[in-house]
Each structure stands twice: as C-alpha cells, then as structure tokens.
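Okay, structure first, notes after.
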Amino acid sequence: MDKIAYDKNGRIFTNPVDEDMDKEINEVLLLNGEVGTENNAVDPSTEFIRGRRDAYLRANNILDSLGRRCSSVTVKKIIYRIQNEEIQDEYVGVILFRLNKKI
C-alpha cells in the first residue's frame with residue numbers, strides 16, 4: 001500500500017514505479033479502465049476512476065476550506081479523525097493519500 005498513489009484525474013499508479021504492480025493494476029484488475037492499443041484507458045469514465053477523482057477533489061476541498069489554517073498539525077488532526085471514523089467513506093484511501101501528500 002505504501003507504493004499506491006493517485007492523480008487528480010482518478011488514476012491509480014505506483015510511486016516509486018513498480019512494473020509488476022502497475023501491470024496488475026492496469027491489466028489484471030483494470031482499475032484504470034480498459035487499456036487500449038496505445039496503453040490509454042478506453043473507458044476513463046468507469047466507476048472506479050470517477051470515484052477516485054471525486055475523492056481527490058473532496059480532499060482538495062478540505063484543504064481549500066482550511067485556508068490560512070492549513071498547517072501540518074491541522075491536516076494531521078483531520079487525518080486522525082478520518083482514520084478513526086466508525087464507518088469509512090468510499091475511496092477514503094484517496095482522501096488520506098491526498099492529505100498525507102499535503103503534509
């Protein structure tokens with residue numbers, strides 16, 4: 001899980017690059033949609049991609065709402081609160097990834 005990363009468009013990838021994991025993500029699990037002939041996603045509007053993109057945007061909205069109060073301490077408190085919620089939102093991993101990236 002430490003290698004999993006997300007971009008703002010909802011695509012999932014590995015960082016640092018792990019070719020075996022990337023192959024599993026893209027060719028076995030199809031988490032970035034179906035792969036076309038030029039290694040581009042044929043179906044970028046899949047539920048997975050849309051859900052991850054929306055979660056990434058929600059995380060950005062959380063950060064934007066903090067404005068000047070956006071310190072690492074504040075972001076860590078938000079991360080702690082999210083991690084300790086009894087019921088987790090869908091795509092919470094994307095939100096936590098984005099918040100941790102901000103720190």
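The values are calculated or read from the model by the stated rules, or taken from the named source; none is laboratory data. Since this is a predicted model, take the numbers as computed values, not measurements. Neighbour counts are summed over all protein chains in view; Cβ atoms, including those assigned to glycine, are modelled from backbone coordinates with ideal geometry.
Structure above, values below:
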quantity: Residues within the range 82-103 that are more than 15 Å from Leu57 (Cβ to Cβ), assigned to a loop (DSSP other than H, G, I, E, B) and touching a helix residue (DSSP H, G or I) at 6+ places or on another chain (Cβ under 9 Å), tallied; calculated: 3
quantity: Pairs, first free of Cβ contacts under 8 Å to residues at least 60 places away in the same chain in the range 8-22, second in a helix (DSSP H, G or I) and acidic (Asp, Glu), C-beta under 6 Å, six or more apart; calculated: Thr14/Asp22
quantity: Subset of the range 44-103 [among the aromatic types (Phe, Trp, Tyr), free of Cβ contacts under 8 Å to residues at least 40 places away in the same chain and surrounded by 11 or more Cβ atoms within 10 Å (Cβ to Cβ)]; calculated: Phe48
quantity: Meets criteria (under 11 Å from the mean Cα position of the chain (by Cα), at pLDDT 95 or above and of a type in the set (A, V, I, L, M, F, W, C)) for Val94; calculated: yes
quantity: Residue satisfying all of: in the range 77-91; over 17 Å from the mean Cα position of the chain (by Cα) and of a type in the set (D, E, K, R); farthest from Ile103 (Cα to Cα) among these; calculated: Glu86
quantity: Residue list for the range 11-34, restricted to those being within 15 Å of Thr46 (Cα to Cα) and at pLDDT 90 or above; calculated: Arg11, Ile12, Ile25
